[in-house]
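Just so it is clear, none of the values below were taken in a lab; they were calculated from the coordinates. Quick caveat, the model's predicted, so the values are computed rather than measured. Every residue, glycine as well, gets a Cβ built from its backbone with ideal geometry; the counts of neighbours run over all protein chains shown.
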Amino acid sequence: MKKLFIGFGVLLVLLIAAALIAPALIPVDVYKRQIIAGIEEATGRKARIDGEFKLSILPRAEFVAGKVSLGNAKGGRAKTMMSLDRLTVRVGILPLLSGNLEIDALVAERLVINLEVDNEGRPNWQFGTAPSPAAAKPDDVTPAGVPGLGGLRLGDVRLVDGRISFTDMRTGARHLVDGINLKVSLPSLASPMRAEGSVVWNKEKLTLSAVVSNPNAVLAGKTTEIDISLKSVPLAFSFKGRASAGKDNALSGRIELDVPSVRKLAAWVGSPLAAPGKGLGPLKISGELDVLGHVVAFRKAKFSLDAIAGTGELSFDRRGPKPFIKAVLKLGRLDFNPYLPPEKSAPGKPQAAKAGPGDWSDDAIDLSALDSVDAALELTVAGLLIRKIKIGESNLKVTLRNAILVTDLTKMALYGGVGKARVKIRGGRGVPTVSLDATLTKFKANPFLRDAMDLDRVEGTANVKVRLNTRGRTQREMIRALAGSGKVTFVDGAIKGINLGAMMRNIKSAFLDSGASETRKTDFSEMGGSFQIRRGILTNFDLLLKSPLLRLTGRGKVDMPKRRIDYRIEPKIVAATTGQGGATGAIGISVPVDIKGPWHDISYSPDFGAALGSLAKQPGRLLESLKGLIPGLGGSSGSGSGDATSPTEKPSSSPLDSLRGLFGR
């Protein structure tokens, strides 16, 4: 028995010696040529090993190769598709004999990969090899894990100072990731796998780390805990949750994103933002992410951009013929001013003398993107600030289905009033159509016009109702097809900057004096009118203003396709103070004003000739009605006879002469 054991011992020593000596007996170049030939046969590319080449079996299988390269595709810019300075692989032999794969070392030093797409769109990573004749079907793959990997163990697995480049010859785009350093450790498939490393992209270092609690569960299609984080100056990202590589590739957990500056992040990724304003700074997003097959849900979300903050839920479903997006968001106060361009003229600086003529665009309006997704969105906003315009709490519902976008503004608080609106846009591949139905009720006109148009001339409570629709493939076509109607009214207000008493004493200067005092104003009980639009031409025939001493009417049209206006207003000083509800046709002093011309050069022309002609028809009746209102036109303010004059005053030769004096003639 003792001799038997001695014999087995001698045999084992001889086997070990043979394993150690065999690589030395067979020239290394033989192995080298076989490896190169195998690579070239598999890829169809030229392979080279120009540096150190080492192969041994015991005590551990070790393979070392230096200056390894793989040629690029024909016509490629780079000489090689892949190269590395040194590759070291060490594997335990005895564990391998027992079915366990223990990789003591797998180190790739200065690995360089050049990815390219040629002018025909062919990528260089597609090799000219024949497909496997017996490729496994998806149904043939079982989730029981990978046979032979049950005892997998990773020791020193590193990628040192790597580099990956991508070039698209069709567009000239080029991207480079270098400084790639990665280390992976895996004591066993049942213990956590850890990976950590860093890369440099666009001159910024990005560090990363990942932990997979149970890799064996991933291989078996089961669930395991994962923890991933990315950190750099432009952004920080983390995910902590659970994942499975089963049939539905489920993922769930908490996600956090922190971006110090959206503008700097966009510039870093190569897409600098041309958006005006100073906004798009800090961005933070956090919430619960759930991914199950084709459905992605983001729940309990919190997000902030600059001073804007909100909460909500969002889902993205790709199970149907087109993706479906659903969101319910609640936002605080939205201040849009940081995202708007600066105003062209600061307060107090002179405006440009005249704007250019301008014109409508003939560029095609492409709304085909509306047919790419369906959506249902609900948005609640605590308030909005756009320039100086302040809007209170608002509710918005948006639906997009079959390329039809419907936006319902169900609630909008506006300067003491409320508003509602519906906008419907039909996109897709047909002719785009747009419709608007909006109502604003009981809002305070003065603060709104002051904030919106820097206009401080009108006071009162306003009501607006508009219904519009149009269709067209360009802006010009849409303006030409514009149709609809509307009505605007102001009640219990005033026109600031004009005093009708002074106007009655000197009509001419009242119209021509541009320096009217801001403290003067004319009260009115009602002002407004309706309009109709057909083929882009707006017409109005019932403009009316009622005041104790004034009736103002107006009519005309605005030709939007030609960008011209032709309008006439007729302010009439009422002869008798019959109250604001008096008849609009009361006899009085009327001075029509014509408003005409292209939008960039509108002229305002008081028609004094028409005013005098109207008064000349019945001057006696007019003067009689003006007695007591304007001194010097005869009689006292009491019940005079109408022809009384002051003892020192010479009577007028005719009533018309007195009227001429009123006009300054």
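Overall, the range 402-484 carries a charge dipole of about 460 debye about its Cα centre when +1 sits on the Cβ of Lys and Arg and -1 on the Cβ of Asp and Glu, all other atoms neutral. Sorting the segments 314-322, 428-436 by their residues' average number of neighbouring beta-carbon atoms within 10 angstrom, most packed first, yields 428-436, 314-322. The lysine pair tally for the range 203-341, using Cα distances under 21 Å and a gap of 8 or more places or different chains, is 24.
Between Asp451 and Lys32, the modelled label-to-label distance comes to 8.1 nm, taking each label 7 Å out from Cα in the direction of the beta carbon. Between the range 414-471 and the range 289-322, the alpha-carbon centres lie 31 Å apart. You can think of it this way: the chain between Asp317 and Asp492 has 57.7 nm of extra reach, that is 0.36 nm per residue less the Cα-Cα gap.
The convex hull drawn around the Cα atoms of the range 199-344, when projected onto a plane and averaged over every direction, covers 11.3 nm². Less than 5 angstrom separates the built amide H of Leu414 from those of Gly392, Gly419, all sequence-distant by 5 or more or on a different chain.
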